[in-house]
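The values are calculated or read from the model by the stated rules, or taken from the named source; none is laboratory data. The model shown is predicted, which means the values in this text are computed figures rather than measured ones. When we count neighbours, we look across all protein chains shown, and the Cβ atoms used for this are built from the backbone with ideal geometry, even at glycine.
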Amino acid sequence: MFRGKVVIIGSGLVGATTAYTLMLGGLFSEIVICDINKSKAEGDALDMAHGVSFVKPVNVYAGDYSDCKDADIIIITAGVPQKQGETRTDLLKRNTDVLKSIMEGIEAHAPDDVILLMVTNPVDILTYATYRFSGLPKNRVIGSGTVLDTSRLKYMISKRTGIDARNCHTYIIGEHGDSEVAAWSVTNIGGMSMNEFCRFTGKCSLDDLDKMYLSVKNSAYEIIEKKGATYYAIATAVALICECVAGDENSILTVSSIFDGQYGIKDVALSVPTKLGGDGVENILEVPFSKEEMKGLLNSADTLKALIKEIGL
């Protein structure tokens, strides 16, 4: 098993939970937590370090940008929250400024072959900004994209059909956000399309598909309303992405990656089924989605490009 080094920039709820999840997974021998609030990072690292006797040997500690010097993967979870009355564009501009500062710290120390994994929202735009600021090749800049959204849809399908979520094969594509698209045309259970499965079992209908999609799209809003933030499931999604890259697994995940002509889309980061390996993005698959799904994917691209233009990237 891979036993390298990961640096997590940001020790908020998502960053700290990600560090903890990675510690339990045993994938890395070193986990470094960095935050502008150094005391918070030190507290989180110490709290986790007290549990190292229960997991595979790992060194968990608080650090700074100099610790990026021999990192295999750098995960960015840092960002600023939205202020009351602030527009999405204003928030984007502030988070872009924060990211620019972070990238300066990373670039001063990180190796040329590092993989950057963006988790901060809006993840697609910040993934593209990371690519622009870092100067790294497209394949080495990844966003968490719709990996979590896809898992949410698998969960919804599982609850509705009674089938193990691991055997519900589907994807959410496009933006990680309001314009995301459920790729029902390529969804299957046991080799049967959703329409075929619904007809065969009588356990779901076309109306149910719409309800599941809307539930996925609104999941984050619901969780935030109930408890203030989402962090458990995204941490497991990030851990999976790290495992796929660090283990050179050649897995297919809906990470956010930089398009360069795929589906006729360029200069934006979006999520579609993507092959991940040791060098990051190995291949963005051009899946034969339905016409309606392709329309939604293109709409996602246009939505994100408009915001990218607004913030001057």
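Among the residues of region 301-310, just one is surrounded by fewer than 17 Cβ atoms within 10 Å (Cβ to Cβ) and hydrophobic (A, V, I, L, M, F, W, C), namely ALA306.
Considering only region 37-51, I want to know if a residue exists there that is surrounded by 19 or more Cβ atoms within 10 Å (Cβ to Cβ), out of contact with any helix residue (DSSP H, G or I) (no Cβ under 6 Å at 6 or more places or on another chain) and over 28 Å from GLY278 (Cβ atoms). Give the steps one after another, and end with the answer.
Initial filter on region 37-51 (surrounded by 19 or more Cβ atoms within 10 Å (Cβ to Cβ)): 41, 44-45, 48.
Checking which are out of contact with any helix residue (DSSP H, G or I) (no Cβ under 6 Å at 6 or more places or on another chain) leaves us with 41, 45.
Next, from what is left, pick out any that are over 28 Å from GLY278 (Cβ atoms): 41.
There is at least one residue in region 37-51 that is surrounded by 19 or more Cβ atoms within 10 Å (Cβ to Cβ), out of contact with any helix residue (DSSP H, G or I) (no Cβ under 6 Å at 6 or more places or on another chain) and over 28 Å from GLY278 (Cβ atoms).
If the condition is being surrounded by fewer than 13 Cβ atoms within 10 Å (Cβ to Cβ) and not acidic (Asp, Glu), then region 160-197 contributes GLY162, ARG166, GLY190, GLY191. The residue that is modelled with the lowest pLDDT, among those in region 1-36 that are assigned to a loop (DSSP other than H, G, I, E, B) and in contact with a Ser or Thr (Cβ under 7 Å, 6 or more places away or on another chain), is ARG3.
Within region 60-67, the presence of a residue that is assigned by TED's automatic domain parsing to the domain that holds THR120, under 22 Å from the mean Cα position of the chain (by Cα) and among the small types (Gly, Ala, Ser) is excluded. Helices (runs of 4 or more DSSP H) wholly in region 76-177 with at least 2 residues that are at pLDDT 95 or above and assigned by TED's automatic domain parsing to the domain that holds SER193 - which ones? The helices (runs of 4 or more DSSP H) meeting that bar are 147-161.
If the condition is being small (Gly, Ala, Ser) and either more than 24 Å from ILE241 (Cα to Cα) or loosely packed, with under 14 Cβ neighbours inside 10 Å (or both), then region 262-300 contributes GLY264, SER290, GLY296.
Please find, within region 198-238, the residue that is nearest to HIS176 (Cα to Cα) out of those that are among the small types (Gly, Ala, Ser) and buried (at least 19 other Cβ atoms within 10 Å of the Cβ).
Filtering region 198-238 for residues among the small types (Gly, Ala, Ser) gives 202, 205, 215, 219-220, 228-229, 233, 235, 237.
Within this subset, residues satisfying the condition of being buried (at least 19 other Cβ atoms within 10 Å of the Cβ) are 220, 235, 237.
On the way: ALA220: 11, ALA235: 16, ALA237: 13 Å.
Once the filter is applied, the top-ranked residue is ALA220.
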